[in-house]
Amino acid sequence: MIEVKDAVKRFLDTNVLDHVNLTIEKGDKIALMGPNGAGKTTLVRAILGFYHLDSGEIRVKGYHPTKERVKVLKNISFIPQTPPPIKLSISELLEFVSKSSDVKQESIKEEAARMDLDVEKNLQKPFFKLSGGMKQKMLIAIALAKKSDILIFDEPTANLDPKAREKFYALLSELDSDVSTIFITHRLEEVEKLVNREIYMDLGKIVEDRRVGV
């Protein structure tokens, strides 16, 4: 699904990614961990095509993340730690996602309802004016409705209350076994029942990559 070969990314003469090698197979459920500045988010952004590598290469289902970004993003759903300041209303956002990603609006509403977010009541509200928890639920609903082969979550429960976290992880437990999932997380205890690999990064390197029971 994802192949990272000898990836190097530099910022201000520092290797934020330092010759990283990683293979993610179909159905891998990964907890990606490490201290702040370890390179976790940079690695994910390189996979998504946000960054050009200084050397090495990345392929997502055979596609180049920057040269074939549209094809890459069709296969990935990404939930950032901080929701972007989208100025569209919820109604406009639903229409945009539906047209750009071929996702039915009703599917998004259904996923949102499963997290106790009533989309119909908030259709005219601008996304950026929603509470942090509501924004996160909306982004999660879109990601799950898209039915992507690869899901990437960067601290996905940071803005969720305990009840919403519980519902979120219950939804993830229902995912197809072939879906590959990456959780960037500092809360291993929350995802350990959902993952089969634990990857630790530090100083731009993968320092541990181990298989665990699900």
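No value in this document is a laboratory result; all are computed from the given coordinates. Since the model is a prediction, treat every value here as computed from it, not as a measurement. Counting neighbours? That spans all protein chains shown, and the Cβs are built from the backbone with ideal geometry, glycine included.
Note on SER148, SER91, SER131: ascending count of other Cβ atoms within 10 Å places them as SER131, SER91, SER148, the fewest first.
At a Förster distance of 25 Å, what's the computed FRET efficiency of LYS129 paired with LEU175, Cβ-Cβ distance as r, to 0.05? Computed FRET efficiency for LYS129 and LEU175: 0.25. Summarising the strand pairing of the chain, around 55 percent of its internal DSSP beta bridges are antiparallel.
For the range 19-112, the average shadow cast by the Cα convex hull is 7.9 nm², which is a quarter of the hull's surface.
Around the Cα centre of the range 98-193, unit charges on the Cβ atoms of Lys, Arg, Asp and Glu (plus for the first two, minus for the last two) sum to a dipole of about 500 debye.
The trypsin sites (Lys or Arg not before Pro) of the range 78-117 meeting both criteria, a DSSP state outside H, G, I, E and B (loop) and at most 14 other C-beta atoms within 10 angstrom of the site's C-beta, are LYS87, LYS104. For the chain, the longest principal axis of the alpha carbon atoms and the long axis of helix 90-101 meet at an angle near 50°.
Measuring between their Cα centroids, the range 169-188 and the range 99-154 lie 17 Å from each other.
Candidate cross-link partners of LYS74 among the aspartates and glutamates, defined by an alpha-carbon separation under 16 Å and a same-chain spacing of 8 or more, comprise ASP102, ASP149.
The modelled label-to-label distance between ARG10 and LYS104, using points 7 Å beyond Cα along the C-beta direction, is 5.1 nm.
Ranked by the mean number of other Cβ atoms within 10 Å per residue, highest first, peptides 133-145, 157-169 order as 133-145, 157-169. Compute the FRET efficiency between LYS193 and LYS167 as 1/(1 + (r/R0)^6), taking r as their Cβ-Cβ distance and R0 = 22 Å, and round to the nearest 0.05. The value I calculate is 0.90.
Only Lys, Arg, Asp and Glu carry charge here, each on its Cβ (+1 for the first two, -1 for the last two); on that basis the chain has a dipole of about 500 debye about its Cα centre. Peptide packing for 29-36, 53-60 was compared via the average number of neighbouring C-beta atoms within 10 Å per residue; ordered from the highest value, the list is 29-36, 53-60. Remark: for residue pairs LYS29/LYS67; LYS9/LYS167; LYS67/LYS99; LYS29/LYS121; LYS135/LYS193, the C-alpha separation exceeds 32 Å in LYS9/LYS167; LYS29/LYS121. Between LEU203 and GLU120, the C-beta separation translates, for a Förster distance of 41 Å, into a calculated FRET efficiency of about 0.30. Relative contact order for the chain: 30 percent, from Cα pairs under 8 Å spaced at least 6 residues apart, divided by residue count.
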